Amino acid sequence: MRQQRMVVAVGAFLIFWRAGAFAAADEKILARVGEEKITLQEFQEMLPALSAFRAQGDAEARKRKLLEGLINQRLFAREAVRMGLDQAPPVKVKLNQARTNILAQEYMKSRAQGVSIGDKEVMAFFEGHQGEFQGKGLKEVEGQIKAKLLQNSMGDLIQKTKTELWKREKVIIDEQLLKEVEVPQRSTVNP
């Protein structure tokens, strides 16, 4: 439930964040919400979300449901702003965190574009770890090996990137203040 709320909050933030951008003259407008526009390009960027509506009708019905969801998010976000909810400190923190998460994901995605696993790497891993595969052939475990090597490469890339950025940005943590922060106890009662 908490994850669903975060997804809705991030979705609403993204739509609200983009709401200030007017469509270029050559962009096709799929829908309008007052003065705001939902462009065809914006909608197409959201199409991967259609998998969430897989069991809910045919492709046309799913597209309409996605578009109506985008419209509703814009309406809800506009009402939240009208009510001044965007100025509440907890909301500001969440909006900032959502923006930070999106930018961090895009940065790491751009860094990961050069990461690939070649056949030689797969073969070397297979030969060095045959005992782990219980007599299976390379073709049977190739996907598993590639996934493991990719995960390792991404972990190395993340660690290298963190080290570089922490050093460049001169990160300093107030350890004493961190120790003083109280962590809320998890509630055993479901809300």
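Within the stretch 132-191, the set of residues being loosely packed, with under 10 Cβ neighbours inside 10 Å, part of a loop (DSSP other than H, G, I, E, B), over 28 Å from the mean Cα position of the chain (by Cα) and not β-branched (Val, Ile, Thr) comprises Gln134, Gly135, Gly137, Asp174, Glu182. Evaluating Met108 against the criteria (1) part of a helix (DSSP H, G or I); (2) open to solvent by 80 Å² or more (accessible area, probe 1.4 Å); (3) not basic (Lys, Arg) leaves one unmet condition, (2). Filtering the stretch 116-169 to residues that are farther than 20 Å from Ala104 by Cα and among the aliphatic types (A, V, I, L, M) leaves Ile117, Val122, Met123, Ala124, Leu138, Val141, Ile145, Ala147, Leu149. Has the stretch 88-99 got any residue that is in contact (Cβ under 8 Å) with a residue 60 or more places away in the chain, within 30 Å of Ser153 (Cβ to Cβ) and of a type in the set (A, V, I, L, M, F, W, C)? Scanning the stretch 88-99, I find at least one residue that is in contact (Cβ under 8 Å) with a residue 60 or more places away in the chain, within 30 Å of Ser153 (Cβ to Cβ) and of a type in the set (A, V, I, L, M, F, W, C), so the answer is yes. Exactly one residue out of Ile102, Ile117 is surrounded by 14 or more Cβ atoms within 10 Å (Cβ to Cβ), among the β-branched types (Val, Ile, Thr), in contact with a Leu (Cβ under 8 Å, 6 or more places away or on another chain) and outside any helix (DSSP H, G or I): that is Ile117.
The values are calculated or read from the model by the stated rules, or taken from the named source; none is laboratory data. From a predicted model like this one, the values you see are computed outputs, not experimental measurements. Because the Cβ atoms are built from the backbone with ideal geometry, glycine has one as well, and the counts that use them run over all protein chains shown. To get the accessible areas, we keep the full protein, side chains included, count just its heavy atoms, and leave off ligands, DNA and RNA. Shrake-Rupley method; radii C 1.70, N 1.55, O 1.52, S 1.80 Å.
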